[in-house]
Amino acid sequence: MTAQVPERFERDMAGSEADWLRLLPPALAPHPWQREDAAVNVAIGDGRLRITWVPLPPRRIALLSFPRLHVRFAFDGVPPSARAAFMRHFDLHTHRGGG
């Protein structure tokens, strides 16, 4: 069963903007994409995806501080199965450690 991926959604993602920019190329591959400031436009078949991000205040736990980003995804003209396939690949490259 394929997970449903909406056309538009938002995420709070762990990591700095520098980490994010390092992870983007492999996460977006093999799709052609272009960056413009704090956004990327990705061609997916006959449709497109626009991803934008804004740094958020760090998450603090005791003396630890974790950078984070607010990320928006907006698919346009990308069928549900292609959205799900893209996000599976994207998540494999951007999820951070844990248990």
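Taking Cα atoms, how many degrees apart are the long axis of helix 80-94 and the longest axis of the chain, rounded to 10 and kept between 0 and 90?
It works out to around 30 degrees.
Just to check I understand the Karplus step: with θ = phi - 60° and J = 6.51 cos²θ - 1.76 cosθ + 1.60, what whole-Hz values come out for the range 65-72, glycine and proline as x?
My calculation for the range 65-72 gives 10, 10, x, 7, 10, 9, 10, 10 Hz in order.
Short version: ³J(HN,Hα) in whole Hz for each residue of the range 14-21, in order, from phi by Karplus 6.51 cos²θ - 1.76 cosθ + 1.60 (θ = phi - 60°), x for Gly and Pro, what are they?
Going residue by residue, I get 6, x, 7, 5, 4, 4, 4, 5 Hz, with x marking Gly and Pro.
Have a look at Gly77, Leu24, Phe66 and report the one farthest towards the positive end of the charge dipole of the range 8-94, computed about the Cα centre with Cβ charges (Lys/Arg +1, Asp/Glu -1).
Phe66
What are the ³J(HN,Hα) couplings of the range 6-12, residue after residue, when phi is run through the Karplus curve with 6.51, -1.76, 1.60 and θ = phi - 60°? Round to Hz, x for glycine and proline.
x, 5, 9, 7, 10, 9, 9
Rounding to the nearest 20 debye, state how big the charge dipole of the chain is about its Cα centre with +1 on each Lys and Arg Cβ and -1 on each Asp and Glu Cβ.
For this selection, approximately 260 debye.
Given the rule -39500 (n - 2.57) for each run of at least 4 DSSP H residues, summed and divided by the residues of the chain, what is its mean residue ellipticity at 222 nm, to the nearest 500 deg cm²/dmol?
For the chain, the value works out to -8500 deg cm²/dmol.
Could you work out the Rg to Rh ratio of the chain, with Rh taken as the Kirkwood radius (inverse of the mean 1/r over all Cα pairs)?
Here the Rg-to-Rh quotient is 0.98.
Amide H neighbours of Gly15 under 5 Å, at least 5 residues apart or on other chains, H built in the peptide plane: list them.
For Gly15, whose amide H was placed from the backbone, the distant partners under 5 Å are Arg68, Leu69.
Each value in this text was obtained by applying a stated rule to the coordinates, not by laboratory testing. Just so it is clear, the structure is predicted and the values come from calculations on it, not from any experiment. Please note: Cβ atoms are built from the backbone with ideal geometry, for glycine as well, and neighbour counts cover all protein chains shown.
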